[in-house]
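Just below is one structure, and these are the notes that go with it.
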Amino acid sequence: MSAPPITQPRIVEVRRNILKRNDELAHDLRQRFQSAGVFVVSLVSSPGSGKTAFLEKTLTLLRQRQYRPAALVGDLATDNDAARLARSLAPVKQITTGTLCHLEAAMIDKALEDWNLDEIDFLFIENVGNLVCPASYDLGENLRLVLLSVTEGEDKPLKYPTIFNSSDIAIVTKVDLAEAVEFDWSVANANIQAVRPGMQVLRVSSKTGEGMEEWLAALPSRR
Amino acid sequence: MGILELTEEESEKRGGVHVDAIHVRLGPLSGVVKEALLSAWQLASEQTEFESSRLVIEEVPIAIYCSNCQTERPVRSIQQMCCVECDTPSSDVMHGRELLVSGLELAE
């Protein structure tokens, strides 16, 4: 390539998104999901907030209702979570990221290579336990859930506003422990509404099943 | 790193011209912190042709659409996403998610 050595403007405008490659891939994924009729939900939270237990319960309940759910689960290492989720009998695949603290669209794309999307109604993507980096990466999902367990404290949304702001629904988990840890629901909800006005908040216990009906009602009905 | 690839492409398009500086627009809702981006750039650009290129980061404040004022307004804070003028909450974010290369300073 040879550019003419004529006067070039010293500052040129570019305006290009730095995560463009991920965004483009996520856009392609979203189109593929849509044409195959797959509704995609991603889950983000800190480690230990109950993503896997919540997901296992969700997969089991959806299967009981004759839906065909599947899940991808991201962790730095081990396939323990995939093994737990597989108890639901839904197709599950572990994505181990090595040292990477979040999932990217390319990993989803690769993990789906040998799955037939036409055989899936709901795809759940459990992100690496992390409230920072996953906020920046679009995975082609329709719905992003942020989970907050009652044991983490009511001020989590204020500490990590970006992840709450980029999510669609907040799920407060382990509500069966709320009393024991003196969890103040109104404070937590006010904090969530401050960082993401109008956000839908659901309270669940994966252990007792409390709130799971409301959660399933938030999903679109299919077929 | 996206910035490096992007800069390489843009420089090549212009005949491999040297890039003095890369201007980045960064919003607090992008999930990226200025200091982290600067140190990541240092690592990523090392031993590339852009090692000496400066990363100039312009921080973009969060702005929402206020339904009450019927215009774009700054927010009280990232923890309080409401209009700075009238306190109306809004999740209609107009600015603050930016993570983009806005321009390049090219060598004369």
(Q) Please verify whether residue B:104 is within 23 Å of residue A:12 (Cβ to Cβ) and out of contact with any Ser or Thr (no Cβ under 8 Å at 6 or more places or on another chain), treating the condition exactly as stated. (A) no
Q | Leading residue by the ranking (nearest to the other protein chains (Cβ to nearest Cβ)) among those in the range B:1-17 that are farther than 20 Å from residue A:138 by Cα and out of contact with any Phe, Trp or Tyr (no Cβ under 9 Å at 6 or more places or on another chain) | A | B:15
Q | All positions within the range A:182-222 that are of a type in the set (S, T, N, Q), assigned to a helix (DSSP H, G or I) and exposed (fewer than 15 other Cβ atoms within 10 Å of the Cβ) | A | A:186
Q) All but one of (1) in contact with a Lys or Arg (Cβ under 8 Å, 6 or more places away or on another chain); (2) closer than 21 Å to residue B:33 by Cβ hold for residue A:172; which doesn't? A) (2)
Q: Considering only residues that are of a type in the set (Lys, Arg) and not in a helix (DSSP H, G or I), look in the range A:13-33 and name the one that is nearest to the chain's Cα centre (by Cα).
A: A:16
Q. Looking at the range A:199-209, is at least one residue among the basic types (Lys, Arg), in contact with a helix residue (DSSP H, G or I) (Cβ under 7 Å, 6 or more places away or on another chain) and more than 20 Å from residue B:91 (Cβ to Cβ)?
A. yes
Q. Which of the residues belonging to the range A:55-114 are under 25 Å from residue A:206 (Cα atoms), surrounded by fewer than 16 Cβ atoms within 10 Å (Cβ to Cβ) and touching a helix residue (DSSP H, G or I) at 6+ places or on another chain (Cβ under 9 Å)?
A. A:65, A:80, A:84, A:87, A:89
Q. Are any of the residues in the range B:70-88 more than 30 Å from residue A:192 (Cβ to Cβ), within 19 Å of the chain's Cα centre (by Cα) and within 11 Å of chain A (Cβ to nearest Cβ)?
A. no
Q. Within the range A:155-173, is even one residue more than 14 Å from chain B (Cβ to nearest Cβ) and either assigned to a helix (DSSP H, G or I) or more than 17 Å from residue A:44 (Cβ to Cβ) (or both)?
A. no
(Q) Could you check the range B:41-69 and list, in sequence order, the residues that are away from every other protein chain (no Cβ under 12 Å) and touching a Lys or Arg at 6+ places or on another chain (Cβ under 6 Å)? (A) B:58, B:60
Q | Selection from the range A:34-47 of residues that are assigned to a strand (DSSP E or B) and touching a Gly at 6+ places or on another chain (Cβ under 8 Å) | A | A:40
Q. Any residue in the range B:9-20 that is touching a Leu at 6+ places or on another chain (Cβ under 6 Å), under 20 Å from residue A:193 (Cα atoms) and at pLDDT 90 or above?
A. no
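The values are calculated or read from the model by the stated rules, or taken from the named source; none is laboratory data. Quick caveat: nothing in here was measured; it's all calculated off a predicted structure. Neighbour counts run over all protein chains shown; Cβ positions are idealised from the backbone, glycine included.
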